[in-house]
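These notes are about the structure you will find just below.
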Amino acid sequence: MNRPVAWYTIGYMKILYSTEQVEQRIKEMAREIITQYANEKPLFVCLLRGAVPFTSQLMMNIAREDPSFHPEVIYMHASAYGAGREAQETIVYSSVDSETVANRAVIVLDDCLDRGVTYTKMKTLLLENGASSVGLIVLVNKDTVRSNVDTPLLVGFTTPDVWLVGMGMDDADTATEARRWDGYIGEVS
């Protein structure tokens with residue numbers, strides 16, 4: 001499911017993955033997480049704001065598939081894009097403390113793996129706070145050049161290195177939060 005089954009355009013945007021495709025893949029990812037982590041209780045870290053739609057759907061699917069799993073989620077804020085389409089220095093705002101992550105397997109949830117700078121900063125911070133391990137699960141893995149970035153534990157979709165919208169990814173050039181809450185994944189032209 002790493003390639004779009006079909007795409008269509010809406011104005012300045014091409015839909016790469018429909019809402020139905022996204023929902024189906026997130027269900028599959030939930031089942032994979034339940035199987036992979038059946039004997040441990042990882043701590044999930046949702047990166048604000050982009051990963052919120054993905055995290056919400058993923059956690060609801062985990063709870064539906066296995067009511068005894070009881071996923072635990074905390075939130076961290078990271079920003080690399082601000083109000084445009086050009087990446088800036090990643091800024092991390094965190095209230096995570098050592099008690100929360102100490103000796104825990106931590107899984108960072110993000111909407112999109114781009115350059116990997118945000119994840120690398122998050123991983124360092126979480127390990128400094130005592131996490132026993134830190135991994136990454138992403139809805140979208142952009143096919144882009146990156147160095148010294150861990151391979152994600154689980155990927156929903158792989159896309160070209162283009163500007164994406166929907167499922168947490170926004171088009172701030174158009175308007176604040178534009179397309180962030182749409183259920184599909186689209187490419188802005």
Give me a count of the residues in region 105-141 that are in contact with a Ser or Thr (Cβ under 6 Å, 6 or more places away or on another chain) and under 16 Å from Glu72 (Cα atoms).
-> 2
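Here's a check for you: in region 93-112, which residue that is modelled with pLDDT under 85 and open to solvent by 50 Å² or more (accessible area, probe 1.4 Å) is farthest from Ser132 (Cα to Cα)? Step through it out loud before you land on a result.
To start, the set of residues in region 93-112 that are modelled with pLDDT under 85 comprises 93-98.
From what's left, open to solvent by 50 Å² or more (accessible area, probe 1.4 Å): 93-95, 97-98.
Details: Tyr93: 21, Ser94: 18, Ser95: 18, Asp97: 14, Ser98: 11 Å.
The qualifying residue farthest from Ser132 (Cα to Cα) is Tyr93.
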Applying the selection to region 58-70, what residues are surrounded by fewer than 19 Cβ atoms within 10 Å (Cβ to Cβ) and of a type in the set (S, T, N, Q)?
-> Ser68
Quick one: count up the residues across region 144-171 that are over 15 Å from the mean Cα position of the chain (by Cα) and open to solvent by 60 Å² or more (accessible area, probe 1.4 Å).
-> 6
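Checking the structure you have, find out if any residue of region 128-142 is aliphatic (A, V, I, L, M), over 16 Å from Val155 (Cβ atoms) and surrounded by fewer than 21 Cβ atoms within 10 Å (Cβ to Cβ). Outline the logic, then answer.
So the first thing to find is which residues in region 128-142 are aliphatic (A, V, I, L, M), and the list is 131, 134, 136-140.
Applying the additional criterion that residues be over 16 Å from Val155 (Cβ atoms) yields 131, 134.
Filter once more, so that each one left must be surrounded by fewer than 21 Cβ atoms within 10 Å (Cβ to Cβ): none.
Within region 128-142 (the criterion being aliphatic (A, V, I, L, M), over 16 Å from Val155 (Cβ atoms) and surrounded by fewer than 21 Cβ atoms within 10 Å (Cβ to Cβ)), the answer is no, since none of the residues qualifies.
Only one of Gln57, Gln88 is at pLDDT 95 or above and not aromatic (Phe, Trp, Tyr); which? Talk me through it step by step, then tell me what you get.
On the way: Gln88 fails: at pLDDT 95 or above.
Every option except Gln57 fails the conditions.
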In region 17-57, the residues that are open to solvent by 10 Å² or more (accessible area, probe 1.4 Å) and aliphatic (A, V, I, L, M) | Ile34, Ala38, Leu48, Val52
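The values are calculated or read from the model by the stated rules, or taken from the named source; none is laboratory data. It should be emphasised that the depicted structure is a prediction, and the values quoted were computed from it without experimental measurement. Positions of Cβ are backbone-derived with ideal geometry, glycine not excepted, and every protein chain shown enters the neighbour counts. Ligands, DNA and RNA are stripped out before the accessible areas are found, and what is left, the full protein with its side chains, is counted by its heavy atoms. Shrake-Rupley method; radii C 1.70, N 1.55, O 1.52, S 1.80 Å.
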